[in-house]
Amino acid sequence: MKARVNSFLIVGLVTLASLAVSYSIATTHLIIGPLVILGVVGFFVVSAIVYDFSIGVYVLFLMGSFMFYVSRIISVPIPLGIVYDALVAVTFICVFLNPKRPKDWTSFSNTFTFFFVIITVYQLLQLFNPNAVSITGWLVSMRNNTSLLSYIIFFQLFITIKSIKQFTMLWLGVALAVALYGIYQESFGLTSFEWRWIYETPGRYELYYQWGSMRKFSFLSDPSIYGLFLAFSGLAFITLAFGPYKTLWRVGFVIFGLISFMAMAYSGTRTATAMVAVGLVFLILLNINNSKVIMFAMAMVFAGGIVFFGPFYSGTVIRLRSTFTPSEDASMGVRDYKRLLNQEYILKHPIGGGVMTTGTSGVIYSPGHPLAGGWDPDSGYLATALELGWIGLLIFVSFFAVVMIKGINNHFSMTDPLLLNLNLTYIVPFFALTVGHFTQHAMFSKPVNLIVIATYALLIRLPQFDKLKSDSIT
């Protein structure tokens, strides 16, 4: 009897809620419906994160990968960016709320943590930058600056090798889905809602339609980020192919890597092509004594020679070839001009012009600032130098250099084959991304930003696991 009453009560409440939502949509705004759905889903997601904060990490990565696709399907504007940042904060809090999940702060006092503290303090002090013209821009930038929180989250997530494997599988599984959908777009064309999204913003069609074909973007925010993410992930697949796995898995990793590179080509992003070349060279140099790596390198050089010098003249192939003739590339000339044009400003403003002041972001959040306007710095390093000054640029470049030194040191100091391969799987794409950041906003774009932060925690954790394995053997 009691169960029946409860059932009727639940049905009644759901019915009333449905009627209330329907009435609200009819009398106020269409956005009420999606917001209610978002609220219900959010309640269950937050409950799950409170139970296990690792769920928050997986939700964040999936959201960073598919949120742009959802926004294209639903024409009603939903503040998914704010939801994403809020989820980072919730996940961070839940790291400390669940006492049952083991915590390990061993080696948290390391060079990476030191740099994170320096960067965070430096960005906080930007509030007092005399060159800035708006507090709003600083507030928005601090809302987006969740790197330190994410680093702490990953540091506690990666307390076991199993958790590292699980996150890596999620990352590469999503990357394969992104690549396959990009190939689908190339083969069958864009959907009606994707075309609608392209024409929503003036100039977007002209930016995406180049060399006689439409640049693909799959589930991600734009073709550039799509290309960078697949270059990054394809390098990880290729690196895994040389790990201590069964032959079937290693063959699969090679195939998945080639699929990623093929889908990447449809993005029309030349920076992504350069990333692949740089990443493969770096992989070869670190494994110069590995005959399998050398044989694979020879095969890639042969395949690359066919693509770049063979009798193929499609828009995609021509754009790929232009990657290695930058002097003939108009867009590279524009980037060089921007760097030269802004060098004097950077030298005269050692702490920069203030956060959220460059280009279109400056128009929105810092109107009237000398750096604001209808232009894009393109280069992530240039944007950092303009907004945070050459001091801020020096801090970030030093941080990336320290990360690479740590990764290379891990490679030559660890002994376990699995851990060595996982180390390479993260630092090879990371190095390529630091190069890509020279011509794109590569390091901080979704969803690759979470993988970058995961790399910091992983490089600290792997030597710990290697030592434990060595101690258990001896």
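Restricting to helices (runs of 4 or more DSSP H) lying wholly in segment 361-474: which have 2 or more residues that are modelled with pLDDT under 95 and either small (Gly, Ala, Ser) or touching a strand residue (DSSP E or B) at 6+ places or on another chain (Cβ under 9 Å) (or both)?
On the way: elements: 380-413, 417-436, 448-473.
Because the criterion is at least 2 residues that are modelled with pLDDT under 95 and either small (Gly, Ala, Ser) or touching a strand residue (DSSP E or B) at 6+ places or on another chain (Cβ under 9 Å) (or both), the helices (runs of 4 or more DSSP H) in segment 361-474 that meet it are 380-413, 448-473.
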I want to confirm something. Restricting to segment 181-210 and keeping residues that are exposed (fewer than 15 other Cβ atoms within 10 Å of the Cβ) and hydrophobic (A, V, I, L, M, F, W, C), which single residue is farthest from SER379 (Cα to Cα)? PHE188
Can you list residue pairs whose Cβ atoms sit under 6 Å apart, with the first residue in segment 343-358 being on the phi > 0 side of the Ramachandran plot and the second being surrounded by fewer than 24 Cβ atoms within 10 Å (Cβ to Cβ) and of a type in the set (A, V, I, L, M)? Count only pairs 6 or more apart in sequence or on different chains. GLY354/ALA132; MET356/VAL140
Count - residues of segment 185-208 that are without any contact (Cβ under 8 Å) to a residue 60 or more places away in the chain and either among the charged types (D, E, K, R) or touching a His at 6+ places or on another chain (Cβ under 7 Å) (or both): 3
Among (1) buried (at least 17 other Cβ atoms within 10 Å of the Cβ); (2) closer than 26 Å to MET356 by Cα; (3) among the aromatic types (Phe, Trp, Tyr), PHE158 falls short only on (2)
Among (1) over 21 Å from ASP378 (Cβ atoms); (2) among the hydroxyl-bearing types (Ser, Thr, Tyr); (3) in a loop (DSSP other than H, G, I, E, B), which single condition is SER267 missing? (1)
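Within segment 349-357, identify whether any single residue is farther than 30 Å from THR201 by Cα, at pLDDT 90 or above and surrounded by fewer than 16 Cβ atoms within 10 Å (Cβ to Cβ), and answer yes or no. Even if it seems obvious, please write down each step before you answer.
The initial filter retains those residues of segment 349-357 that are farther than 30 Å from THR201 by Cα, namely 349-352.
Next cut, at pLDDT 90 or above only: 349-352.
Adding the requirement that they be surrounded by fewer than 16 Cβ atoms within 10 Å (Cβ to Cβ) leaves 350.
Checked against the condition, which is being farther than 30 Å from THR201 by Cα, at pLDDT 90 or above and surrounded by fewer than 16 Cβ atoms within 10 Å (Cβ to Cβ), segment 349-357 yields at least one hit.
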Among residues belonging to segment 255-280 that are more than 11 Å from TYR226 (Cα to Cα) and in contact with a Lys or Arg (Cβ under 9 Å, 6 or more places away or on another chain), point out the one that is surrounded by the most Cβ atoms within 10 Å (Cβ to Cβ). THR273
Return yes when THR146 is within 24 Å of ASN449 (Cα to Cα) and either surrounded by fewer than 16 Cβ atoms within 10 Å (Cβ to Cβ) or free of Cβ contacts under 8 Å to residues at least 40 places away in the same chain (or both) and no when it is not. no
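The values are calculated or read from the model by the stated rules, or taken from the named source; none is laboratory data. What you see is a predicted model; the values in this text were computed from it and never measured. Every residue, glycine among them, receives a Cβ derived from its backbone with ideal geometry; neighbour counts consider all protein chains shown.
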